[in-house]
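Quick one: this structure, given as structure tokens, is what I'll be asking you about.
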Amino acid sequence: MYHVDVASFATGFPPGMSVPPVLPALGRWLAEQPYGSVGYFNTFSSEPSDEYVTPLEDASLAVRERVGIFLTLPEGSQLALWDHGGPAPAVVNIDSEGEYRTLTDSLEAFLLGWGDRACGVWELNRDDEDDEEDREPSRHADLAAWLRTQGLVVPEVPPAPDFGAWIDEVTERTERDRVARIAALPPIVPADPALTAAAALTVAATAEPMLGRFTDEPEIVAYCASLGIDLRTVPGPDEFRSLARFDAGFELEFAYPWEYRNQTLKTRYTPSLRTEFEDARRRMLWSVTMHNAWAPPGLGRAHPYGSRFRAFDGPLPWGVTFSDTRESLAARLGPPVTDVGARQHWLTPDRNRALLVHYDGDTVGSVRIGIPPN
């Protein structure tokens, strides 16, 4: 059977955007159908659109106010209704690879097309070869018949705009507004570069007491400013995950408390509390990483592939040095909790802090002190 969560439509659609009655009704019908009989999808449900829809968080939140997700495909793309200001919302594809397109001018056109195996989404349509294989027989004809019982008629509406072009427009407008807002902010980063350079050298020690603090706390804003980082100007989640000072050899990582595998934090932050934190953009300082002179893998979208750090020139946590090897650290720190590939990590006795070492060949390439994942 298909995975369906009809109740999610009440909270997944944005305020002010009504849920068409046919969607929960269709969900109840789908819940009784064998998986694969009308195509392949992960879930027929709703949730707020992702903060990664655009590189800018404000732009992603503006998109969230205008789209109502109703289906997630196997590779992560999502189908949604888009309120573009016309007489009827269009159906759009929020692609997992960042490509966005308009599918149909109305929900009715999409659903009736789905019943006819012509909705523009091949995972839902299935092709004739699917029926020749040993798979669940197609029930698209049953879907089409059920839709007719709902009295669906394709409305006469003007063609919907290009969803991808609208995403680009929202992003560009948000960036212009962001630049103007930043220009009007009073400076808080010390003007003397010698001050930020001196503060950067002690980041391994000074950041640890700040772990678990939130981006809207004056103390954390002032602390980051002392390191040459203005939290007020960070554009989105990619940069928050890697607030990198390449010239000083370190990076700070901010994320929502429930984003990683720390089950204690995930349990503490209920859905309503998560919404409150997301609306306020209250992220938590998860870690600080000190780098040797190298280009580490996996920095994410915020920085071009191959971005290189200068070697961090201050003391590292727990007495680690960049000349340490696996053998020397095991001798001083004991056996690591995990040892996978080029990474090892240790925990404090109270399990309140984690040390992650990433090796560059035989010696240490980076050292991360942060909140444990579990």
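Values in this text are rule-based calculations from the coordinates and carry no lab data. All values reported here derive from a predicted model rather than from experimental measurement. Cβ atoms come from the backbone with ideal geometry, glycine included; neighbour counts cover every protein chain shown.
Under a point spin-label approximation (7 Å from Cα along Cα-to-Cβ), what is the residue 99-residue 276 distance to one decimal in nm?
4.2
Shifting gears a bit: At a 10 Å Cβ-Cβ cut-off, how would you order 147, 81, fewest neighbours first?
147, 81
Give me 265, 61, 143 sorted ascending by neighbouring Cβ count inside 10 Å, so fewest comes first.
265, 61, 143
Right, something else. What is the distance in Å between the Cα centroid of segment 309-324 and that of segment 267-294?
Distance between centres, Cα-based: 25 Å.
Between residue 31 and residue 202, how high is the FRET efficiency from 1/(1 + (r/R0)^6) when r is the Cβ-Cβ distance and R₀ = 51 Å? Nearest 0.05.
Computed FRET efficiency for residue 31 and residue 202: 0.35.
Taking the 0 to 90 degree range and rounding to the nearest ten, how far is the long axis of helix 271-280 tilted relative to the main principal axis of the chain, both from C-alpha atoms?
Between the helix axis and the principal axis of the chain, the angle is about 70 degrees.
So, one more: Whole-Hz ³J(HN,Hα) for each residue in segment 95-105, computed from phi via Karplus 6.51 cos²θ - 1.76 cosθ + 1.60 with θ = phi - 60°, x for glycine and proline: what do you get?
Per-residue couplings from phi come out as 6, 5, 9, x, 9, 10, 8, 7, 9, 9, 7 Hz.
Considering the zone a paramagnetic label at residue 150 would reach in this model (a point 7 Å from Cα along the Cα-to-Cβ line), which residues of segment 17-34 have amide N under 17 Å from it?
Of the residues in segment 17-34, 18-34 have backbone N under 17 Å from the label point off residue 150.
Also: Go through segment 54-59 residue by residue and turn each phi into a ³J(HN,Hα) via Karplus (6.51, -1.76, 1.60, θ = phi - 60°); whole Hz please, and just put x for glycine and proline.
Rounded to whole hertz, the list is 10, x, 9, 5, 4, 5.
Further, regarding this structure: Would you compute, for the Cα atoms of segment 196-264, the largest minus smallest coordinate along each principal axis and list the three values in descending order, in whole Å?
Here the Cα extents, ordered largest to smallest, are 36, 25, 23 Å.
A follow-up question, please. So for the pair residue 350, residue 210, with labels modelled 7 Å out along Cα→Cβ, what separation do we get in nm?
Result for the modelled spin labels: 2.1 nm.
Checking the a/c ratio against 1.5 first, then a/b against b/c, what shape does the Cα gyration tensor give for segment 187-370?
It comes out oblate by the Cα gyration axes.
May I ask you to derive the relative contact order of the chain, considering only C-alpha pairs under 8 Å and at least 6 residues apart, and to give it as an integer percent?
Relative contact order of the chain: 11 percent.
Please find, in a Gaussian network model of the chain (springs between Cα atoms separated by less than 10 Å), the residue of 94, 182, 167 whose mean-square fluctuation is greatest.
182
Under the √(5λ) rule applied to the eigenvalues of the Cα gyration tensor, what semi-axes describe the equivalent ellipsoid of the chain? Give them in Å, descending.
Equivalent-ellipsoid dimensions as semi-axes: 47, 25, 18 Å.
Can I ask one more? Tell me, what ³J(HN,Hα) does each residue in segment 4-18 have, in order and in whole Hz, if you take phi through Karplus 6.51 cos²θ - 1.76 cosθ + 1.60 with θ = phi - 60° and put x for Gly and Pro?
Taking θ as phi minus 60°, the curve returns 10, 9, 5, 4, 5, 5, 5, 10, x, 6, x, x, x, 10, 6 Hz for segment 4-18.
Compute the length gained on full extension between residue 310 and residue 263: take 0.36 nm times their separation in residues and subtract their Cα-Cα distance, giving the result in nm to one decimal. Can you show the working numbers first?
On the way: separation 47, 0.36 × 47 = 16.92 nm, distance 3.48 nm.
Contour length minus Cα-Cα distance gives 13.4 nm.
If I model segment 6-175 as equal point scatterers sitting on the Cα atoms and use the Debye formula, what is log10 I(q)/I(0) at q = 0.09, 0.13, 0.20 Å⁻¹?
-0.30, -0.63, -1.42
So if I average 1/r over every pair of distinct C-alpha atoms in segment 270-374 and take the inverse, what Kirkwood radius in Å does that give?
Details: mean 1/r = 0.0651 Å⁻¹.
Taking every pair of different Cα atoms in segment 270-374, averaging 1/r and inverting gives 15.4 Å.
Another question about this same structure. Percent relative contact order of segment 248-332, based on C-alpha pairs within less than 8 angstrom and at least six residues apart?
33
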